[in-house]
């Protein structure tokens, strides 16, 4: 069986190497590739993806996994080998259920839809995006049909991004959360509002960059195993545990883009840099899920980066870089970066309103999959929910239903992971603060090593070994729970707005 | 047969895509990769190389090529399809002759030898590099043994880099050339020497960079299909016809590194950018040989970039960037950049002495392959020939036999392509000047479009469709001929040194 295990590891290493090469091709495409290189790059990535798919779905590989199944059952279920086999079987079953022709058709449909989405958003023209979206939803239904029936058809979609997460569970979590968040922002709206105009003024771009570098170096981002570049849309890109890169965007007249974007991506990247090196070139050298990944980025961006202790340390440094902030007190700055303002665009939303944008999307996706909402009625449904949850109504579809790119890529089931990430981050934060009682004081001194070490030991090192709920339970003693996040929001905003 | 041709093109496209991906992995490794990423990158590149080898040597592919052979014979032999089949067969036969275990062994031996070469060069210690080189030469003999006997065993090596070139031909060319080059540099040595001290002074690095960009933009380098970055060793890297990148090195106190390095790489890159787009994703989207490639880089670097007309246009611009050159006349500058000085290091050699460095290496390689020279006697043989041809003797092996990295990579048969490139460049230059009689005047006006168009039409567009000798003959009416190069050198240096 050792020989078979060796064969498995060789195949997983081949797949990891192709994946790592694809990561670099993608990074290059978003950062340095010459403009005319796009077509060839698409072909190169397509070919590598096809080769990986062929290797990962080959009957020989399936036979090997069958033979390894009883061996896995004989091992400690938490051992690397057992988990490697478990996830290899999971990935193989998922990949072989979807016919190759379907994958090709989906790639073609989404490429067109993606282009249409960008074009119609520019014109705020939902009508011309509608047929693309209808086609994608038809494909999504067919995709669900390749899998055995679940409790809810949406479970199959969710499982792609948040393994083993059930629609009913997410709904239960969101149902508990929604009224509390709606109530909170109503309470905030009744108070005198925060001034954040000082964040919107010219800030030297190089100085912004340098400040971001200073912050994430202090966080513990490992520059020997990463780098930062600029790109229109910030992202994290891991080609191996020892090469996890980030990008950022520097706006010339708004501090937040670089500031919180850089911290956010660093949270993702330190997760990637923290996987146990024993997992390198296996199927476990990944995050547990998108939600758990987002918990890491949100923790560094919000629970650390938008906290008062953090700015008690860093604000004098920021003021030194930007004399235009000399007249802005720490208290005013802290309130400014935490201003709550119900708004139309998800990616610009503050902590108090963000999850409501997600809930709206989840409810719409479920209604579509259940056949209770037709694509033609989408804008109306969207706008009604925006008014209900956030008290605002999009003036047009560009600022409404057309704002996100996810659906045009066929990514149904993805959005909830953003909100789950927020919830997990607060749940972990509660636990971390129990175990490191002087963490706020450490942060006030610009020290993050104990925090990073805790995350490394409890989360990062495991890679993908545990299912998201399993991991959260293992660490905190309970499954994903919205209470800590709600508690965090209420406490923070009570202080800021005097609720 | 159309179906079989389609299958061939699909396989060639797959191989080209993997090659293009490997190119980007290599580019990234030399430019932006974080320091700790090297091990994973080696694994990723190794895996992609292995997959390409498996695809390119599969029995099914061999069978397809057998079936296509008669079809190729029925086509116009110069057609894309006929040439595609011809080169596919050539590559398949070469790749399948060498056993996979040998390739693995060679990779291991050369990786160690390469490291040893760098380490022992630092210590100028040939004795400790010797066992590595002996092992590599043993491998080289075994490599030759995989192929059918040729006129000369060295032919098999040469054929890897300069297809169908014979040892006897290269020897004949070099034998005609050597005494004339030796005589020329002796004549130059008897004249009063040129001052180039003004090239060795501080030059602002950003201004150097900008000047290089101005020059190669004027040459016609297509920035939409390429880019320039910095790297310790300048190189050209093509991942597709629409993505051919260069790198350069900027020395803070010596102008030539950036100046001529940038022009050199641009010559390579414009060749790559100039392949017919009909050849994209085939085995023909490459240069005809290393020698023909070098003819392009050397032409732009030397025949254009070290010419008087070029500097009649660009020198005022250079002086504007660098006021420290204000007191240096055009005549003095032109002579300075063309200073002849027999020296120890190949990569620093001037046009008059460069080929002698190559002849020395070729003679030593042939003697080794013929078994007439033992590795232990290499330093002595090297130094004797340096004295004979160039009148200088290395003070140590670091500045002698250990200076190049090629042998440690097992690249026997490679060096001649550098000298052949020089010869081809002058041979083409003679023809070009017949067909564009006012070319010097155009260059004096900073116009290069007619020159580039000529190269595109006559050379670039064909990619790898013709064998090097075939291509040179097709264009100039004769095979590779040292006379034009010798004529060019004598004329140029007679004027500069008043011979």
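Rule-based calculations on the coordinates, nothing more; no lab input. Everything numeric here is computed off the predicted structure, so don't read it as measured data. Note that each Cβ is placed from the backbone with ideal geometry, even for glycine, and that neighbours are counted across all protein chains shown.
Hey, fewest Cβ within 10 Å first, where do B:430, B:39 land in order? Write down the numbers at each step before the final one.
Working: B:430 15, B:39 12.
Ordered from fewest to most neighbouring Cβ atoms within 10 Å, B:430, B:39 come out as B:39, B:430.
Using only the alpha carbons of chain A, what is the convex hull's orientation-averaged projected area in square nanometres? It would help to have the intermediate numbers written out before the result.
On the way: hull surface 92.3 nm².
For chain A, averaging the hull's shadow over all directions gives 23.1 nm².
Can you give the mean number of other chain Cβ atoms that lie within 10 Å of the Cβ atoms in peptide B:18-26? Walk me through the numbers on the way to the answer.
On the way: counts 6, 1, 9, 11, 2, 1, 11, 6, 0.
The mean count of partner-chain Cβ atoms within 10 Å per residue comes to 5.
Would you mind pulling out the separation of the Cα centroids of segment B:262-291 and segment A:366-440, in Å?
Comparing the Cα centres of segment B:262-291 and segment A:366-440, I get a distance of 49 Å.
Can you pull the percent of Cα pairs in segment B:23-89 with separation above 19 Å?
Numbers: 1202 of 2211 pairs.
Considering segment B:23-89, 54 percent of its Cα-Cα pairs are separated by more than 19 Å.
Provide the FRET efficiency to the nearest 0.05 for the residue B:119-residue A:406 pair, computing r from the beta carbons and using R0 = 45 Å.
On the way: r = 52 Å, r/R0 = 1.16.
With R0 = 45 Å, the Cβ-Cβ based efficiency is 0.30.
Copy-to-copy spacing for residue B:91, label 7 Å out on the Cα-to-C-beta vector, in nm, shortest first?
Relative to the other copies, residue B:91 has label-point distances of 2.9 nm.
Hey, could you get me the Stokes-Einstein D for segment A:2-149, Kirkwood radius over alpha-carbon pairs, 25 °C and 0.890 mPa s, rounded to whole µm² s⁻¹? Show your work: numbers first, answer last.
Working: Rh = 18.1 Å.
Answer, rounded: 136 µm²/s.
So what are the three principal axis dimensions of the protein assembly as shown from its Cα atoms, in whole Å, longest to shortest?
Principal extents (Cα only, largest first): 94, 68, 57 Å.
Points 7 angstrom from Cα along the Cβ direction at residue A:58 and residue A:499: gap in nanometres?
5.7
How do A:203, B:102 rank when sorted from fewest to most other Cβ atoms within 10 Å of their own Cβ? Could the numbers behind the result be given before it?
Values: A:203 23, B:102 14.
Fewest-to-most Cβ neighbours within 10 Å comes out as B:102, A:203.
Could you estimate the translational diffusion coefficient of segment B:123-173 from the Stokes-Einstein equation, with Rh from the Kirkwood formula over C-alpha pairs, at 25 °C and 0.890 mPa s, in whole µm²/s? Provide the component values of the computation, followed by the final result.
Working: Rh = 12.5 Å.
For these conditions, the coefficient is 196 µm²/s.
Go ahead and collect, in residue order, the members of segment B:467-498 whose backbone nitrogen is under 11 Å from a label point 7 Å along the Cα-Cβ direction of residue B:180.
Residues B:481-491 fall inside that zone.
Quick one: Cα convex hull volume of segment B:163-318, Å³ per residue? Please list the in-between numbers first.
On the way: hull volume 22.9 nm³, N = 156.
Dividing the Cα hull volume of segment B:163-318 by its residues yields 146 Å³.
On a 0 to 90 degree scale, rounded to 10, what angle separates helix A:80-97 from the longest Cα axis of chain A?
Between the helix axis and the principal axis of chain A, the angle is about 80 degrees.
State the extension gain, in nm to one decimal, for the chain segment bounded by residue A:214 and residue A:367, taking 0.36 nm per residue of separation less the distance between their alpha-carbons. Write out the running numbers ahead of the final one.
Working: separation 153, 0.36 × 153 = 55.08 nm, distance 4.56 nm.
Gain on stretching residue A:214 to residue A:367: 50.5 nm.
Among B:470, A:10, A:101, what is the fewest-to-most ranking by other Cβ atoms within 10 Å?
Details: B:470 15, A:10 11, A:101 8.
Fewest-to-most ranking of B:470, A:10, A:101: A:101, A:10, B:470.
From the label point of residue A:494, set 7 Å along Cα to the beta carbon, how far off in nm is each other copy's matching point, shortest first?
For residue A:494, the inter-copy label distances come out at 9.8 nm.
Taking beta carbons within 10 Å but only from partner chains, what does the mean come to for residues B:37-49? Working shown, then result.
Details: counts 13, 2, 4, 11, 8, 1, 9, 13, 3, 1, 9, 7, 0.
Average neighbour count from other chains, rounded to a whole number: 6.
Between the label point of residue B:189 and that of the same position in each other copy, find the distances and list them shortest first in nm, with every label point placed 7 Å from Cα along the Cα-to-C-beta direction.
Here the equivalent label points are 9.2 nm apart from this one.
If you take the C-alpha gyration tensor of segment A:231-341, multiply each eigenvalue by 5 and take the square root, what semi-axes do you get, largest first, in whole Å?
Values: eigenvalues 196, 40, 29 Å².
So the three semi-axes of segment A:231-341 are 31, 14, 12 Å.
Give the calculated FRET efficiency between residue B:384 and residue B:108 to the nearest 0.05, with a Förster radius of 30 Å applied to their Cβ-Cβ distance. Working shown, then result.
Working: r = 33 Å, r/R0 = 1.12.
It comes out at approximately 0.35.
Quickly work out the residue A:75-to-residue B:253 label distance, labels modelled 7 Å from Cα along the C-beta direction, and quote it in nm with one decimal.
According to this spin-label approximation, the distance is 5.9 nm.
In nm, to one decimal, how far is the modelled label at residue A:189 from the one at residue A:278, with both set 7 Å along Cα→Cβ?
5.3
Viscosity 0.890 mPa s, temperature 25 °C: give me the Stokes-Einstein translational D for segment B:197-236 in µm²/s, with Rh taken as the Kirkwood radius over C-alpha pairs.
Rounded to a whole number, D works out at 206 µm²/s.
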